[in-house]
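Novice: Pasting a structure here, questions to come.
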Amino acid sequence: MCGIVGYIGGRQAQTILLNCLGRLEYRGYDSCGIAVAAEHTTVFKDAVRVKALAQTLPKLEGKTGIGHTRWATHGEPSMINAHPHCDCTGRIAVAHNGVINNSQKLKQQLVSEGHLFVSETDSEVIPHLIEKYYEDSLPKAVEAALHEIEGSYAIVVLMEGERELVVARKDSPLIIGIGDRENFIASDVPAILDYTSRVMYLEEGDVAVVTGDEVKVRGNGVEVAREEHKVPWTVKDAQRGGYEHFMLKEIHEQPKVVRDTLSEYISIAQPAADMTVVGGSGMEDILMLACGTSYHAALVGKYIIEQLVKIPVRVEIASEFSYSGRASARNKAIVISQSGETADVLKAIKQLKNEDCHVIAVTNVVGSTVSRIADQVVYTRAGPEISVAATKSFVAQLIALYWLTLPYSRVDIRQLDEMVLGLRQLPGKIQQVFDNEEAIKSLAAEFARFNNAFFVGRGINYPIALEGALKLKEISYIHAEGYSAGELKHGPFALLGPETPVVAVVARDNTYEAMLANIKEVKARKSPVLALVEDDDDEVSGLADWIIPVPGVDALFSPVVNVVVLQLLAYYTAKQRGCPIDFPRNLAKSVTVE
Ligand code: M6R
């Protein structure tokens, strides 16, 4: 949440900062601002999107600058609360991500010492603390200020007259992009891909001084070396590529994502070596943790592992884990996070590690915090996911879970071969869903008039009902709830009727007959039914008001094709309702606060 950028080098900073901020807007978009320093520090900010800010800006001279795009935590979105924030003199400017837990106490102290605050944010204490401790060195003043701060932060600091940026991070991501006699700061890799693919990841507690020519990092008060990495993504990966929205582009990338993720795993000599967590000898159970869409992937994972490996899987929402208990009996866990930066997931991993738990992370972002603190990492190869609504990362997570599980499945070699073949056929099957896209679009036009909807499924498609409902609500603002089909009659039936459609995800497996019965019950309560059924299904088709045919696949893989249909349904429904699909209200891409 919130995006940070910084530039220092030989070029004018303004254009570069605005471009980087535009690429980072998915992290938060309720307000934004930049500060450029030459002889003086100049700050421009407002409660508008980056494009609008760019249109109002005068030309700012300066080859050092910082920028921020905000997702409000302390104080409403407004010009005053937008970053960068300054000290009393206006010479020091700071962009901050994270939450300062002791900001009230620090503010009271600083006010009593004569500092004047203008915003409602916690972040504003940082420039004032730096001002307080500044004698003759900005890095020293920043380090002294950070000593006082409790909470999480990624910061970039500039001061007029200084040809350096000071950056620091704790519990919030920050990277340095290395250029040719110029350097970049960002909270996320896609921000800087136009300029460089060489990055340095800062570790917890690092403070770095960045000039155009060098980066000096201090960790625990001593100079440390941080390796440079090459990012595996290109600028093209992070662009819309002719699509109207990132979400649609990313939905359409899914056949490629499945292929890339599979070929990555197949090309690793012993892909199963890392995965003893799923089926290692004596394994009694598995714990899986995640949030949001990744949590739904974990729920699908539960069905995959329990069906194939026959060991119990416990899936928990990461934000609930600290209240609910302990790691699994054998102290091994799979943690799933697309961004690798979700605060609740990071907190859960820390707790797991305190319990000596061995943590395997499934993540999409190389170098993310999750990837660095987990014991083992399995990367999905979805490429950068910019749309706030997760789509391709979910499908990539499912592929990772199939792949982790297959080597340990209690099936014979022939069945195993069939499953591998089934996995390899998935890109073609997803393509078949796209062949039906116009029909889904027309249906969405009708669906868009409803204000409430239920999504139901059973077995391995129950989590897909949850995911379908989440997709619809987050981008179309239709109130949607996902339920296991059998649960509807235990309460939600009270809400059924002609104005409340039910989307039924029907698979040809041992849930089919029960789903059929549930659909009849729903129809008896006069709710319109939209059913996802295999191409050649007659029975459900005879009952439902609308049908979306899906290509036939092994029921184990049906979540992959079904979810693509529901992603398209959500997308076109939101489009019909005129919603800002890539920037849904109140949301941001990665949730780096608890
Ligand atoms: O980056 P993560 O996978 O840890 O993110 C978890 C959730 O915030 C995320 O899946 C969220 O629910 C989706 N953006 C919804 O589409």
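Novice: If only one of Val377, Val365 is in contact (Cβ under 8 Å) with a residue 24 or more places away in the chain and either within 16 Å of the ligand (Cβ to nearest atom) or at positive phi (or both), which one is it?
Specialist: The match here is Val365.
Novice: Looking at (1) in contact with a strand residue (DSSP E or B) (Cβ under 7 Å, 6 or more places away or on another chain); (2) surrounded by 19 or more Cβ atoms within 10 Å (Cβ to Cβ), which one does Glu203 not meet, given that it meets all the others?
Specialist: (2)
Novice: Touching a strand residue (DSSP E or B) at 6+ places or on another chain (Cβ under 8 Å), among the β-branched types (Val, Ile, Thr) and under 29 Å from Asp435 (Cβ atoms): does that describe Ile519? Give the steps one after another, and end with the answer.
Specialist: Values: touching a strand residue (DSSP E or B) at 6+ places or on another chain (Cβ under 8 Å): yes; among the β-branched types (Val, Ile, Thr): yes; under 29 Å from Asp435 (Cβ atoms): yes.
Answer is yes for this residue.
Novice: Same structure, new question: Grab the helices (runs of 4 or more DSSP H) fully contained in region 317-427, keeping just those with 3 or more residues being buried (at least 24 other Cβ atoms within 10 Å of the Cβ).
Specialist: Numbers: elements: 318-324, 343-354, 369-373, 392-405.
Answer list for region 317-427: 343-354, 392-405.
Novice: Which residue pairs have Cβ atoms closer than 6 Å, lie 6 or more positions apart in sequence or on different chains, and pair a first residue in region 295-312 that is over 18 Å from Gly468 (Cβ atoms) with a second residue that is open to solvent by less than 20 Å² (accessible area, probe 1.4 Å) and within 16 Å of the ligand (Cβ to nearest atom)?
Specialist: Cβ pairs passing all conditions: Ile304/Leu401.
Novice: Still on this structure, please answer the following. Considering only residues of region 293-312 that are open to solvent by 10 Å² or more (accessible area, probe 1.4 Å) and within 16 Å of the ligand (Cβ to nearest atom), which is nearest to Gln415 (Cα to Cα)?
Specialist: In this case the residue turns out to be Leu299.
Novice: Here's a follow-up. Confirm whether Val345 is of a type in the set (A, V, I, L, M), within 14 Å of the ligand (Cβ to nearest atom) and either under 19 Å from Glu316 (Cβ atoms) or at pLDDT 95 or above (or both). Show your work before the answer.
Specialist: Values: of a type in the set (A, V, I, L, M): yes; within 14 Å of the ligand (Cβ to nearest atom): yes; either under 19 Å from Glu316 (Cβ atoms) or at pLDDT 95 or above (or both): yes.
Answer is yes for this residue.
Novice: On to the next question. Can you tell me which residue within region 459-477, out of those that are in contact with a strand residue (DSSP E or B) (Cβ under 6 Å, 6 or more places away or on another chain) and of a type outside the set (Gly, Ala, Ser), is farthest from Val395 (Cα to Cα)? Spell out the reasoning first.
Specialist: So the first thing to find is which residues in region 459-477 are in contact with a strand residue (DSSP E or B) (Cβ under 6 Å, 6 or more places away or on another chain), and the list is 461-462, 464-466, 468-469, 472-473.
Still in the list and also of a type outside the set (Gly, Ala, Ser): 461-462, 464, 466, 472-473.
Values: Asn461: 13, Tyr462: 15, Ile464: 11, Leu466: 15, Leu472: 17, Lys473: 19 Å.
Filtering first and then ranking leaves Lys473.
The values are calculated or read from the model by the stated rules, or taken from the named source; none is laboratory data. All of these numbers come straight from a predicted model, not from anything done at the bench. Here the Cβ is made from the backbone with ideal geometry for all residues, glycine too, and neighbour counts use every protein chain on show. Heavy atoms of the whole protein, side chains included, go into the accessibility calculation; ligands, DNA and RNA do not. Shrake-Rupley method; radii C 1.70, N 1.55, O 1.52, S 1.80 Å.
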